[in-house]
1. Got a sec? Which of Asn26, Asn21 is modelled with pLDDT of 95 or more, over 18 Å from Gly94 (Cα atoms) and not aliphatic (A, V, I, L, M)?
2. Just to be sure, is Ala60 without any contact (Cβ under 8 Å) to a residue 60 or more places away in the chain, on the phi > 0 side of the Ramachandran plot and not aromatic (Phe, Trp, Tyr)?
3. Based on this model, can you work out whether Lys90 counts as surrounded by fewer than 16 Cβ atoms within 10 Å (Cβ to Cβ) and either in a helix (DSSP H, G or I) or at pLDDT below 95 (or both)?
4. In region 112-123, what count of residues is obtained for those that are touching a residue at least 60 places away in the same chain (Cβ under 8 Å) and either crowded, with 18+ Cβ neighbours inside 10 Å or under 11 Å from the mean Cα position of the chain (by Cα) (or both)?
5. Looking only at residues in region 124-141 that are farther than 16 Å from Asn21 by Cα, in a helix (DSSP H, G or I) and of a type outside the set (Gly, Ala, Ser), which one is nearest to the chain's Cα centre (by Cα)?
6. State all residues of region 1-18 that are touching a residue at least 60 places away in the same chain (Cβ under 8 Å), surrounded by fewer than 20 Cβ atoms within 10 Å (Cβ to Cβ) and assigned to a helix (DSSP H, G or I); if no residue qualifies, say none.
7. Restricting attention to region 42-81, and to residues there that are aromatic (Phe, Trp, Tyr) and surrounded by 13 or more Cβ atoms within 10 Å (Cβ to Cβ), which single residue is nearest to Phe140 (Cα to Cα)?
8. Please go through region 29-44 and pick out each residue that is within 23 Å of Pro92 (Cα to Cα) and either assigned to a helix (DSSP H, G or I) or free of Cβ contacts under 8 Å to residues at least 24 places away in the same chain (or both).
Amino acid sequence: MRTNSIGLDLDKSRALAQELNVLLANFQRYYQNLRGIHWNIKGKRFFDLHLKFEELYTDANVKVDEIAERILTLGGVPQHTFEDYIKHSKVPVGINITKDEDAIRLIVDSLKELLNIERHILHTSDDADDEGTNAMMSDFITEQEKTVWMMKAWLAEEV
């Protein structure tokens, strides 16, 4: 078996880097959605939501960097063009969302897509004995599941 510089199977690491690039593309779209709803939110809940959306997009920005650095650690190259992001993204696009419930639903729908991708990567990274990627996905999943629960509670909907 050929290994990379951190001792992981080279072929499995390349495959993981590709899957992480898909996650990166989706996180970039999620980040842009959060910026858009942060800027455009209106209504009586503006102050609370404006701050919450800033908190979420700041966190998403950190995660984008972490994903890109993990791709590099595995020996891959992080995609970095909007064309790449559009091509690989499944997260819905939020356009001119100004209403609070629409914004929260966009976040929930986006996180559901991210969670699907992350769970797939978690399985793949486990099979590759890649504890670094595995731990990252576990942390992302735990945090995002809680966010979905809180957003659904805000919407007064069942989880």
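1. None of the others qualify; the one that does is Asn21.
2. Here the answer is no, as Ala60 does not meet what is asked.
3. So Lys90 fails the test.
4. Residues in region 112-123 being touching a residue at least 60 places away in the same chain (Cβ under 8 Å) and either crowded, with 18+ Cβ neighbours inside 10 Å or under 11 Å from the mean Cα position of the chain (by Cα) (or both): 5 in total.
5. Ile141
6. Across region 1-18, the qualifying residues are Leu10, Lys12, Arg14, Ala15.
7. Tyr57
8. Arg29, Tyr30, Tyr31, Gln32, Asn33, Leu34, Arg35, Gly36, Ile37, His38, Trp39, Asn40
The values are calculated or read from the model by the stated rules, or taken from the named source; none is laboratory data. Just so you know, these numbers come straight off a predicted model, no measurement behind them. As a convention, Cβ positions derive from the backbone with ideal geometry for all residues, glycine included, and neighbour counts pool all protein chains shown.
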